[in-house]
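Report on the structure given below.
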Amino acid sequence: MTSNVPPIGELLNTAHHSAVHLEMRDAYAVSNENSHFKHWRETGERPNDPDSDYWRDWTTAVRRTVARGVVMRRARIVSEPVTEYIRYEHAGTPINLAVGEQVRWLPRRLASDIALPGNDFWVLDGRLVRFGFFSGDGALVGHALDQNPATVKLCTSAFEAVWERAIPHNEYQIHS
C-alpha cells in the first residue's frame, strides 16, 4: 500500500475510454460524509444539486471525464436487507446518474459464484487498478495502484460479471 496514490479525480483525467468501479462493502465510514449521513438519518434528505458544495468535486470530475467520451460505470454488491448506509447511497445515486455515471446494484446472494478481489477497486482503461482499503468499521485506510496484467484481468472480469447480473439503479428496489 502506498501513500502517494493520486486521488481518483486525478486518475480519471488519465482515462481514455473506460472507468469502472466496484463497491462491495455494506457500510463506509467516510469522514466527509458524517454530517450529511447524520442529516439524512434525521430527515431522509440528501443534497440533490450536483453543483452543491457536497457534490461539486465529484460531479465536476465525472462531467469532465464523460465529456471526453469515457464510459463510467459503478456497480455495488449489497447484502439484503440493505444497511442504513446503502439506503443512504441509493438515495444519492440519482446525482451520479445525472452527471453521466451508469450505476447498477447486485444483491450479494447473486454474486456467490463470481471470483471477486478482496477489496473495492477502480479499473481505468483496462490497464490500471486502484484498490481502496477500509478498516473493519468502514474507515478508509489507504489505496494502492496495480498494473500487473493478472490483477487487471481479475478485476476487469469480476466487474464485468457483476455488471452483467446487476440491476440498473432505476429498477433496483431497496429491501430494508
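No value in this document is a laboratory result; all are computed from the given coordinates. The structure presented is a predicted model; accordingly, all values stated were derived computationally and were not measured. As a convention, Cβ positions derive from the backbone with ideal geometry for all residues, glycine included, and neighbour counts pool all protein chains shown.
A compact table of results
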{"item": "CD proxy at 222 nm, helix term only [per DSSP H run n ≥ 4: -39500 (n - 2.57); per residue of the chain; nearest 500]", "result": "-10500 deg cm²/dmol"}
{"item": "For the range 8-171, with +1 on Lys and Arg beta carbons and -1 on Asp and Glu, the positive-most of ALA29, THR83, THR65 along the dipole", "result": "THR65"}
{"item": "In sequence order, calculated HN-Hα J values of the range 115-130 (Karplus, 6.51, -1.76, 1.60; Hz; x Gly/Pro)", "result": "6, 10, x, x, 9, 4, 7, 10, 10, 10, 6, x, 10, 9, 10, 10"}
{"item": "Span-rule helices in the chain, defined as complete DSSP H runs reaching 15 Å or more along the axis (Cα) with Kyte mean at least -1.0", "result": "56-67, 84-98, 149-165"}
{"item": "Inter-label distance for TRP163 and ALA150, nm, one decimal - labels placed 7 Å from Cα along Cα-to-Cβ", "result": "2.4 nm"}
{"item": "Nitroxide proxy distance, nm - points 7 Å out along Cα→Cβ at THR60 and ILE174", "result": "2.9 nm"}
{"item": "Whether the range 1-94 is rounded, prolate or oblate, judged on the alpha carbon gyration tensor where a/c under 1.5 counts as rounded", "result": "prolate"}
{"item": "Net charge of neighbours whose Cβ lies under 12 Å from the Cβ of LEU140, counting Lys and Arg as +1 and Asp and Glu as -1", "result": "-2"}
{"item": "Candidates PRO117, PRO81, PRO94: whichever shows maximal mean-square fluctuation once the chain is modelled as a Gaussian network with Cα springs under 10 Å", "result": "PRO81"}
{"item": "Unit charges on C-beta of K, R, D, E only; dipole of the range 19-176, Debye", "result": "360 debye"}
